[in-house]
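Visitor: Dumping the structure here so I can ask a few things about it.
The values are calculated or read from the model by the stated rules, or taken from the named source; none is laboratory data. Predicted model only: the values in this text are computed from it and were never measured. Heads up, the Cβs are rebuilt from the backbone with ideal geometry, glycines too, and the neighbour counts pull from every protein chain shown.
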Amino acid sequence: MRGNIKPDPVYPQDIPGLLAWLNQPPSQWSAVGWQNAPAWAALVDKLIVDLREAEADRDHARRMYCRAFVDLVDDARLDELLLDEAAAKIADNFDWDCFEKDEANP
């Protein structure tokens, strides 16, 4: 027998497995990795959906924080403003983007 035969690397059907496979030079991508492609594609799709939901949750929480913060501020200049206007003014003072997606997520 000449030399050692390398076993095909194992790439789990998860995101770390996909990243491990992609980190190899393309010339070393094995058929084992390509067989995992449908599972990896489904995981990446789910990851994107999860990230979008997390971003929407973060934006909603930021808007609620800005609105709640208005109640804590004793500022005569804000007394005549509506709640959202006052919250937007405070957000602007702190350079926060509290109302970026307000129309899409009331």
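Visitor: Taking the conditions exactly as written (modelled with pLDDT of 90 or more, under 30 Å from Ala86 (Cα atoms) and either hydrophobic (A, V, I, L, M, F, W, C) or under 18 Å from the mean Cα position of the chain (by Cα) (or both)), does Ala61 satisfy them or not? Before you say what the answer is, go through the steps one by one.
Guide: On the way: modelled with pLDDT of 90 or more: no; under 30 Å from Ala86 (Cα atoms): yes; either hydrophobic (A, V, I, L, M, F, W, C) or under 18 Å from the mean Cα position of the chain (by Cα) (or both): yes.
No: the conditions fail for Ala61.
Visitor: Looking at region 10-29, which of the residues that are of a type outside the set (Gly, Ala, Ser), assigned to a helix (DSSP H, G or I) and modelled with pLDDT under 85 is farthest from Lys46 (Cα to Cα)? Before the answer, list the steps.
Guide: Of the residues in region 10-29, the ones of a type outside the set (Gly, Ala, Ser) are 10-16, 18-19, 21-26, 28-29.
Those left that are additionally assigned to a helix (DSSP H, G or I): 15-16, 18-19, 21-22, 26, 28.
Filter again for modelled with pLDDT under 85, leaving 26, 28.
On the way: Pro26: 25, Gln28: 27 Å.
Among them, the one singled out is Gln28.
Visitor: Okay, moving on. Say we look at region 72-82 and pick out the residues that are over 16 Å from Trp96 (Cβ atoms) and in a helix (DSSP H, G or I); which of these is modelled with the highest pLDDT?
Guide: Arg77
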